[in-house]
1. Being of a type in the set (Asp, Glu), in contact (Cβ under 8 Å) with a residue 40 or more places away in the chain and farther than 23 Å from VAL301 by Cβ: is that true of GLU377 here?
2. From MET230, MET182, MET191, which residue is free of Cβ contacts under 8 Å to residues at least 60 places away in the same chain, more than 29 Å from THR371 (Cα to Cα) and part of a helix (DSSP H, G or I)?
3. Could you please find all residues in the range 135-150 being open to solvent by less than 10 Å² (accessible area, probe 1.4 Å) and of a type outside the set (Ser, Thr, Tyr)?
4. Of all residues in the range 3-21, which are over 22 Å from GLN97 (Cβ atoms) and not polar (S, T, N, Q)?
5. From SER339, SER343, SER324, which residue is open to solvent by 70 Å² or more (accessible area, probe 1.4 Å), assigned to a helix (DSSP H, G or I) and of a type in the set (Gly, Ala, Ser)?
6. Looking at the range 208-247 only, could you name the residues that are of a type in the set (Gly, Ala, Ser) and out of contact with any Lys or Arg (no Cβ under 8 Å at 6 or more places or on another chain)?
7. Please tell me if PRO176 is in contact (Cβ under 8 Å) with a residue 24 or more places away in the chain, touching a Phe, Trp or Tyr at 6+ places or on another chain (Cβ under 9 Å), open to solvent by less than 90 Å² (accessible area, probe 1.4 Å) and part of a helix (DSSP H, G or I).
8. Return the residue satisfying two criteria in turn: it lies in the range 12-26 and is modelled with pLDDT of 75 or more and open to solvent by 70 Å² or more (accessible area, probe 1.4 Å), and of such residues it is farthest from GLU126 (Cα to Cα).
Amino acid sequence: MAAYEYTALDEKGKKRKGIIEGDTAKHVRSQLRGQNLSPLSVTEVQESKRPRKSKHSFSLPARGLDAASLALVTRQLATLVRSGMPIESTLDVVARQSEKQSIRRVLVSVRAKVLEGHSLESGLGEFPGSFSDLYRATVGAGEKSGHLDHVLERLADHTEAQQALRQKIIMALFYPAMLTVMAVLVTVALMTYVVPEVVQVFEGIGQELPPLTVGMIATSDLLRDYGLYMLLALFAGGIAFRQLISYPGPRKNYHRMLIRLPVIGRLVKALNTAQFARTLGILTSSGVAVLEGMLISAQVVSNLPMREAVTEAAKKVREGGGLSASLDASRLFPPMTLSLIASGESSGNLGEMLERSADNHEREVESSITTVMGLFEPLLILLMGGLVLTIVLAILLPIFDLNQLVQ
């Protein structure tokens, strides 16, 4: 049995769309005709299968559940499974309650797999773009241990915390970004429209203009004559840079440069460490082996040098080394994290110590972003005020000189 998306006409000739389960497309069409619907199209629900592309080409992402939808679905599944409802009934209830077609199509398809006798982990594996390796491995561990309800609760807490952190970061960056855009637009408007109108007053007088005024006029002419080309060059440069860092070598060098920067480097390390610790903590607490959990956790680390450090540490753990000592060899992970991991290894509470480390680093990320943005906003206002003051002085200085000549 599988899930199928259909488009059909009802008795009044109105189009209807939905999702229905069936053994084959022919079986689904028969069911629709039994409901007095005339099927127009019937397509099996599956994640977008695009041809394998070059690693350097551009492509649109496959459809899947976004972070907010995943957090909501996980919480609903956790609540219903904890109440004792069978997993296939749980998937059906959550699918019917959802208002989004994307959620319904995924959950109905997963439910169809479960009804065929597959595990929930296997059903989720049909949609890797919606359910990460961490998600599937944790669910699989919960199924094997018989504690799927507890595992789903942990996943729900994790996805909600990740979504909350993401929203906090976006909200913290939104106002400074808008302020920066407005500052740039106001400066460009002053230089390209206001300044040329004002400097016309000085034309034909034959007066020698101050260097500040001459520089302002030259900048204004440059923006008016070549502003569009400069904007296009900036846009092209951004695309070229993005294309360049799509190659492993340049991307690795770029990530290495980021972690060496004074403030940004600490933020990048804290964010990647939090992601690694949270993922490994959930996996180990759910019964996944440490080595397997490290290999899965490495995939959520976006910084390439830190990801390679986790992979190398996994090799040392496979050879019998300790987790904290293996990670310490890279000198990329904060000492506090290494200390908590060492404490967890010795006490047998590795999962708890990892999640405590993730909590600390997530708080550090949030606090650092708030502090940086708190300093950035007044600095940007001061910079904008300085630019406006410079433009005003460049306009007023020739007027002062002209008054002195008249006197």
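1. Details: of a type in the set (Asp, Glu): yes; in contact (Cβ under 8 Å) with a residue 40 or more places away in the chain: yes; farther than 23 Å from VAL301 by Cβ: yes.
Considered against the rule, which asks whether it is of a type in the set (Asp, Glu), in contact (Cβ under 8 Å) with a residue 40 or more places away in the chain and farther than 23 Å from VAL301 by Cβ, GLU377 comes out as yes.
2. Numbers: MET182 fails: more than 29 Å from THR371 (Cα to Cα); MET191 fails: free of Cβ contacts under 8 Å to residues at least 60 places away in the same chain.
Going through MET230, MET182, MET191 in turn, the sole match is MET230.
3. VAL139, GLY140, GLY142
4. Looking only at the range 3-21, we keep the residues that are over 22 Å from GLN97 (Cβ atoms), and these are 7-15.
Scanning the range 3-21 gives ALA8, LEU9, ASP10, GLU11, LYS12, GLY13, LYS14, LYS15.
5. Details: SER343 fails: open to solvent by 70 Å² or more (accessible area, probe 1.4 Å); SER324 fails: open to solvent by 70 Å² or more (accessible area, probe 1.4 Å).
Matching residue, one of SER339, SER343, SER324: SER339.
6. If we filter the range 208-247 for residues that are of a type in the set (Gly, Ala, Ser), which is where we start, we get 215, 218, 220, 227, 233, 236-238, 240, 246.
Selection gives GLY215, ALA218, SER220, GLY227, ALA233, ALA236, GLY237, GLY238, ALA240.
7. Values: in contact (Cβ under 8 Å) with a residue 24 or more places away in the chain: yes; touching a Phe, Trp or Tyr at 6+ places or on another chain (Cβ under 9 Å): yes; open to solvent by less than 90 Å² (accessible area, probe 1.4 Å): yes; part of a helix (DSSP H, G or I): yes.
Yes, satisfied.
8. LYS14
The values are calculated or read from the model by the stated rules, or taken from the named source; none is laboratory data. All of these numbers come straight from a predicted model, not from anything done at the bench. Don't worry about glycine lacking a Cβ; one is built from the backbone with ideal geometry, like all the others, and counts go over all protein chains shown. All accessible areas refer to the heavy atoms of the entire protein, side chains included, with ligands and DNA or RNA removed. Shrake-Rupley method; radii C 1.70, N 1.55, O 1.52, S 1.80 Å.
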